[in-house]
């Protein structure tokens with residue numbers, strides 16, 4: 001595996017005790033690249049708890065403390081998400097290349113757990129059209145596979161009241177009761193989103209173990225006893241966040257999604273959060289960007305998803321809508 005040549009630097013595996021230092025590296029990198037930080041300590045702890053600390057991650061330290069980190073997060077056995085951060089003052093010294101080489105070596109090992117004949121890819125992200133990031137990716141064999149947006153709305157007055165379709169009601173999530181039904185509803189709704197892979201229930205439910213999980217911000221649109229759609233929200237630094245907006249196919253084209261958004265905006269307004277954001281595929285197969293524009297949201301940031309094929313084969317991720 002690649003090694004660092006600077007004797008002042010140490011490359012080692014992370015531990016749970018490193019969570020705050022890793023958060024500092026991630027946020028310093030994001031502030032330099034995007035102008036703001038939106039990762040919280042709970043996000044770092046969740047990733048560290050889920051991964052194999054002896055195989056899936058690295059940190060780089062100097063006399064100044066931690067200056068870089070990289071992890072491999074496996075999704076659906078065939079997507080290896082490489083998360084790589086170097087603080088600005090230590091960039092362009094080969095640290096990122098060493099970390100990436102180690103991450104790719106681990107990705108190559110993880111190919112073995114993928115289903116036979118399935119295509120396996122390593123994925124990462126950079127700021128949209130950011131030439132230094134894209135040039136680094138190209139040098140290492142990555143190409144842009146998709147663009148994603150962060151869209152936001154900053155409210156100066158209370159949002160419109162939601163207009164619910166006939167028969168639809170809304171309620172909040174009930175811990176200990178709704179987990180399986182919400183999981184199945186979200187999985188069904190996202191089964192026609194580009195790049196989607198089926199999620200494991202036990203992996204999905206880890207979010208309930210986070211200290212910042214707030215079930216009163218998980219909104220379920222109901223049609224009788226059926227979950228028709230969801231708006232699963234949280235609060236991140238600087239804004240309210242719609243982490244997952246979904247409407248099942250049988251309930252689409254009834255303006256249920258816009259009603260869920262207006263309901264979510266209204267709750268955030270009542271709690272004093274004036275800016276609300278979400279992430280969306282710029283080429284959404286279901287036209288999600290048009291929906292978000294229709295309720296007053298606009299693009300605040302662009303991200304390019306980078307991809308490198310680790311093994312050719314049959315693509316298990318969704319690439320187009322079913323006939």
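Values as computed for the structure displayed
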{"read-out": "Qualifying residue in the range 299-317 (condition: touching a residue at least 24 places away in the same chain (Cβ under 8 Å), surrounded by 19 or more Cβ atoms within 10 Å (Cβ to Cβ) and more than 22 Å from residue 124 (Cα to Cα))", "value": "no"}
{"read-out": "Odd one out for residue 195 among (1) within 19 Å of the chain's Cα centre (by Cα); (2) outside any helix (DSSP H, G or I); (3) on the phi < 0 side of the Ramachandran plot", "value": "(3)"}
{"read-out": "Test: residue 134 is in a helix (DSSP H, G or I) and crowded, with 17+ Cβ neighbours inside 10 Å", "value": "yes"}
{"read-out": "From the options 37, 112, residue that is in a loop (DSSP other than H, G, I, E, B), out of contact with any strand residue (DSSP E or B) (no Cβ under 9 Å at 6 or more places or on another chain) and either without any contact (Cβ under 8 Å) to a residue 12 or more places away in the chain or surrounded by 15 or more Cβ atoms within 10 Å (Cβ to Cβ) (or both)", "value": "37"}
{"read-out": "Filtered residues of the range 67-78 (kept if buried (at least 21 other Cβ atoms within 10 Å of the Cβ) and part of a strand (DSSP E or B))", "value": "67, 68, 69, 70, 71, 72"}
{"read-out": "Filter result for the condition that a residue is over 16 Å from the mean Cα position of the chain (by Cα), in contact (Cβ under 8 Å) with a residue 24 or more places away in the chain, part of a loop (DSSP other than H, G, I, E, B) and more than 16 Å from residue 173 (Cα to Cα), over 266, 283, 272", "value": "283"}
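Every residue, every condition in (1) assigned by TED's automatic domain parsing to the domain that holds residue 80; (2) loosely packed, with under 15 Cβ neighbours inside 10 Å; (3) more than 22 Å from residue 149 (Cβ to Cβ), yes or no:
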{"site": "194", "(1), (2), (3)": "no, no, no"}
{"site": "200", "(1), (2), (3)": "no, yes, yes"}
{"site": "218", "(1), (2), (3)": "no, no, yes"}
{"site": "224", "(1), (2), (3)": "no, yes, yes"}
{"site": "231", "(1), (2), (3)": "no, no, no"}
{"site": "234", "(1), (2), (3)": "no, no, no"}
{"site": "237", "(1), (2), (3)": "no, yes, no"}
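The values are calculated or read from the model by the stated rules, or taken from the named source; none is laboratory data. This one's a predicted model, so the numbers in the text were calculated from it and none came from an experiment. Here the Cβ is made from the backbone with ideal geometry for all residues, glycine too, and neighbour counts use every protein chain on show.
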